[in-house]
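Visitor: Here you go, one structure.
The values are calculated or read from the model by the stated rules, or taken from the named source; none is laboratory data. All values reported here derive from a predicted model rather than from experimental measurement. Backbone-built Cβ (ideal geometry, glycine too); neighbour counts: all protein chains shown. Just so you know, the surface numbers come from the protein's heavy atoms only, side chains and all, with ligands and any DNA or RNA stripped out. Shrake-Rupley method; radii C 1.70, N 1.55, O 1.52, S 1.80 Å.
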Amino acid sequence: MRKWFESYMANRRETYIKDPSVCISFYKEENQRKKEYSGRQLLELIQNAEDEAPQGSGKVEIWFEENKLVIANNGQPFSKKGLESLMTPNVSAKLKDDQKIG
């Protein structure tokens, strides 16, 4: 997965270099999203962890490590589609599911 992600990011950088307007568009979209989620980031991470947790046994751990905030859970790991959705505004790998909250 790491190799795939490194390749994905290299391709994304090439896209930004070839067409800076794509980078600018993503930047503006993320700034808008930041306003919508302001103050909710931790709650969103916890909701996402709950959605992917084994039935009834979800765990979330939050700690500081050197100069980083680490948030871990025992849910499903990211898929390629999930990682892509983090890097592309308004693209979600999640399917509609009434049992999920995040």
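Visitor: Only residues that are within 22 Å of P77 (Cβ to Cβ) and surrounded by 11 or more Cβ atoms within 10 Å (Cβ to Cβ): list them for region 2-32, please.
Guide: F5, Y8, M9, R12
Visitor: Can you tell me how many residues within region 50-70 are surrounded by 15 or more Cβ atoms within 10 Å (Cβ to Cβ) and farther than 19 Å from M1 by Cβ?
Guide: Going through region 50-70, the residues surrounded by 15 or more Cβ atoms within 10 Å (Cβ to Cβ) turn out to be 50-53, 58, 60.
If we keep only those that are farther than 19 Å from M1 by Cβ too, we end up with 50-51, 53, 58, 60.
Residues flagged as surrounded by 15 or more Cβ atoms within 10 Å (Cβ to Cβ) and farther than 19 Å from M1 by Cβ within region 50-70 amount to 5.
Visitor: Just give me the residues in region 12-68 being of a type in the set (A, V, I, L, M) and within 15 Å of T88 (Cβ to Cβ), in sequence order.
Guide: The initial filter retains those residues of region 12-68 that are of a type in the set (A, V, I, L, M), namely 17, 22, 24, 42-43, 45-46, 49, 53, 60, 62.
Hits for region 12-68 are V22, I24.
Visitor: Also: Restrict the check to region 30-41 and report whether at least one residue is in a loop (DSSP other than H, G, I, E, B) and modelled with pLDDT of 90 or more. I'd like the intermediate steps shown before the answer.
Guide: Initial filter on region 30-41 (in a loop (DSSP other than H, G, I, E, B)): 38-40.
Add one more test, that the residue is modelled with pLDDT of 90 or more, and what stays is none.
No: region 30-41 contains no residue that is in a loop (DSSP other than H, G, I, E, B) and modelled with pLDDT of 90 or more.
Visitor: Taking region 88-102 as the search range and keeping residues that are open to solvent by less than 60 Å² (accessible area, probe 1.4 Å) and farther than 18 Å from P54 by Cβ, which one is modelled with the lowest pLDDT? Break it down into steps so the answer makes sense when it comes.
Guide: Step one: filter region 88-102 for residues open to solvent by less than 60 Å² (accessible area, probe 1.4 Å), giving 88-89, 93, 102.
If we keep only those that are farther than 18 Å from P54 by Cβ too, we end up with 88-89, 93.
Values: T88: 84, P89: 80, A93: 67.
Among those residues, the one meeting the criterion is A93.
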